[in-house]
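Only one structure is covered here, and it is reproduced in the block below.
The values are calculated or read from the model by the stated rules, or taken from the named source; none is laboratory data. These figures come from a predicted structure and were not determined experimentally. A quick note on method: Cβ atoms are made from the backbone with ideal geometry, for glycine too, and the neighbour counts reach across all protein chains shown. Calculation scope for accessible area: heavy atoms of the full protein, side chains included, ligands and nucleic acids excluded. Shrake-Rupley method; radii C 1.70, N 1.55, O 1.52, S 1.80 Å.
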Amino acid sequence: MTHTRVLEELLTTVAAVSKGQTPIDETTELTGDLHLESLQIMNLLLSIEDQFDISIPVNVLADVRTIGDLARHIEEQVGQR
């Protein structure tokens, strides 16, 4: 799966969670720009895991600040299947 494809799908998923309140792109910060709380982020991750059929370890969250960071991690996980 290409970076562009992962990013497109991820942006659609995140837009649904943020309810269109903030324009989003690859540099959008999950907590800083979207003001997502930890429970919302966990629900987002569960949705992403189902969508991409992957498992995202919780310890990865320390390295994920932006949607681009999350997209790169998803690509790694998808590539390992």
Per-residue accessible area for E37 at 1.4 Å probe radius, Å² rounded to 10? 130 Å²
If you line up the long axis of helix 67-79 against the longest principal axis of the chain, both from Cα atoms, how many degrees apart are they, to the nearest 10? 20 degrees
Of A16, A71, A62, which is the most mobile in a GNM of the chain whose springs link Cα atoms less than 10 angstrom apart? A62
Tell me the label only: which of (1) 34, 25, 20; (2) 33, 20, 17; (3) 32, 31, 26 is Cα extents along the principal axes in Å as calculated from this structure? (1)
Please report the relative contact order for the chain, taking Cα pairs under 8 Å with a sequence separation of at least 6, and give it as a percent rounded to a whole number. 44 percent
Per-residue accessible area, 1.4 Å probe, largest first, puts I24, I67 in the order I24, I67
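For the chain, what is the accessible area per residue in Å² when the probe is 1.4 Å? Before the final figure, lay out each step's value.
Details: 4930 Å² over 81 residues.
On a per-residue basis, 61 Å².
Dipole magnitude of the chain about its Cα centre, charges +1 at Lys/Arg Cβ and -1 at Asp/Glu Cβ only, in debye to the nearest 20?
Details: 5 positive and 14 negative charges, 14 e Å.
Computed about the Cα centre, the dipole is about 60 debye.
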Rough spin-label spacing in nm, given labels placed 7 Å along Cα→Cβ, for A62 and E9: 2.8 nm
Can you work out the PRE-style zone for D25? Point 7 Å along Cα to Cβ, and I want the residues of segment 47-68 with backbone N under 20 Å. 65-68
Per-residue accessible area for L11 at 1.4 Å probe radius, Å² rounded to 10? 40 Å²
